[in-house]
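A.B. asks: Take this structure, written in structure tokens, and hold onto it; I'll ask about it next.
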Amino acid sequence: MNGLKIIIASTRPGRKGPILATRSIQLLKPVLTSLDMVLLTAAVNVPFFTKFIKDNKFEATDDQNKMAEGLFTELKRWSHLLTHMRGTVLTKG
């Protein structure tokens, strides 16, 4: 598998935005767990992401940058733990 792409959509009236995303993620948890994927609790909230695009470049707020730092810190921590647990070695690429 080259990558995992998740499309969040609903045919139910009134289900959109953060409510839909939260519900969709809750439904995906058992699937991801069965694929031996680790669910990170950190997240970067970007509501209405098109509002943050200026001159074809995404411009995050200070709060989003702080959330991203927390996400990458948690991702780095998990990658080190899982590397040792699974007996694999990560190489720079």
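The values are calculated or read from the model by the stated rules, or taken from the named source; none is laboratory data. Note that the structure is a prediction, hence the values are computed from the model and not measured. Glycine also receives a Cβ, built like all others from the backbone with ideal geometry; neighbour counts cover every protein chain displayed.
A.B. asks: I7 versus (1) at pLDDT 80 or above; (2) aliphatic (A, V, I, L, M); (3) closer than 29 Å to R77 by Cα: which is the lone unmet condition?
C.D. replies: (1) is the only condition that I7 fails.
A.B. asks: Please count how many residues of segment 28-49 are exposed (fewer than 10 other Cβ atoms within 10 Å of the Cβ) and at pLDDT 80 or above.
C.D. replies: 4
A.B. asks: Would you mind telling me which numbered condition in (1) at pLDDT 65 or above; (2) surrounded by fewer than 12 Cβ atoms within 10 Å (Cβ to Cβ) N2 fails?
C.D. replies: Status for N2: all satisfied but (1).
A.B. asks: Select from segment 19-68 the residues that are part of a helix (DSSP H, G or I) and assigned by TED's automatic domain parsing to the domain that holds M85 and list them in ascending order.
C.D. replies: Residues satisfying the conditions are F49, T50, K51, F52, D62, D63, Q64, N65, K66, M67, A68.
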